[in-house]
Amino acid sequence: MAIPEIIPIARMEDYHTDLVGRCEDGRQFFIYEPFVFPNEEINEDWTKVRREYLVLYLFDPEGNFIEIKHWSGGTTAELNHQEKQKKKDEFLTSLGKFELCDISVKLFQTTIDGVVFGLVPSEKNEAVDLQPSSTIQFTEPWDGEYYT
């Protein structure tokens with residue numbers, strides 16, 4: 001089965017997709033906490049090299065990618081969890097009225113700090129990876145559930 005044009009994303013409370021939904025104006029959103037490891041081999045404490053992000057993906061009602069808002073928390077060792085929560089609260093407030101619910105969006109990708117972020121197709125295994133770090137993957141039966 002080919003990768004569909006629209007990828008459903010099921011809201012799963014207390015997991016990777018707990019902050020997905022729709023704004024009152026019809027826009028869809030996905031707030032996520034990705035991380036990025038450097039390309040080189042890690043010869044030290046990984047917490048000193050892994051970079052932490054918080055992203056807000058925005059989509060129109062038809063699932064087209066509109067924009068990304070992001071925040072970089074530095075490395076895992078440097079990460080201030082209160083600052084990250086404050087930024088997450090700001091992202092949520094910026095949405096206006098919204099409901100947490102399943103969404104359906106199209107594939108997209110954008111670049112931050114030289115790293116690809118987005119829903120990126122993997123043709124070799126007919127799946128879609130949430131980049132960076134391929135933390136979650138969507139695949140058949142394309143019902144919105146994902147694999148870690």
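The values are calculated or read from the model by the stated rules, or taken from the named source; none is laboratory data. None of the values given here were measured: they were computed from a predicted structure. Note that we place each Cβ from the backbone using ideal geometry, even for glycine, and neighbour counts take in every protein chain shown. These accessible areas exclude ligands, DNA and RNA; they are computed on the full protein's heavy atoms, side chains included. Shrake-Rupley method; radii C 1.70, N 1.55, O 1.52, S 1.80 Å.
Summary of values
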read-out	value
Label-point separation, ILE6 to CYS101 (7 Å along Cα→Cβ), nm	1.3
Farthest positive-ward along the chain dipole, Cα basis, beta-carbon charges - from THR148, TYR57, TRP71	TRP71
Length added when fully stretched, PHE35-VAL116, from 0.36 nm per residue minus Cα-Cα	28.0 nm
Accessible surface of the stretch 66-125 [probe 1.4 Å, protein heavy atoms]: carbon and sulfur percent	47
Structure-derived log10 I(q)/I(0) by the Debye sum over Cα atoms at q = 0.11, 0.12 Å⁻¹: which label, when the choices are [x] -0.42, -0.50; [y] -0.59, -0.66; [z] -0.48, -0.57	[x]
The stretch 60-142: trypsin sites (Lys or Arg not before Pro) in DSSP loop, at most 12 other beta carbons within 10 Å	LYS97
The stretch 1-53: chymotrypsin sites (Phe, Trp or Tyr not before Pro) falling in loop per DSSP and having at most 15 other Cβ within 10 Å	TYR15
Heavy-atom surface of the chain, accessible at 1.4 Å and reported per residue (Å²)	54
Residues of type lysines that LYS87 reaches as a straight line, Cα spacing below 17 Å, ignoring anything fewer than 8 places off in the same chain	LYS69
Cβ-placed point charges (K, R +1; D, E -1), dipole of the chain about Cα centre in debye, nearest 20	360
Length added when fully stretched, ASP14-ASP60, from 0.36 nm per residue minus Cα-Cα	14.1 nm
Cleavage-rule hits, GluC sites (Glu not before Pro), the stretch 1-103, DSSP coil, Cβ neighbours within 10 Å at most 15	GLU5, GLU13, GLU24, GLU40, GLU41, GLU44, GLU62, GLU78
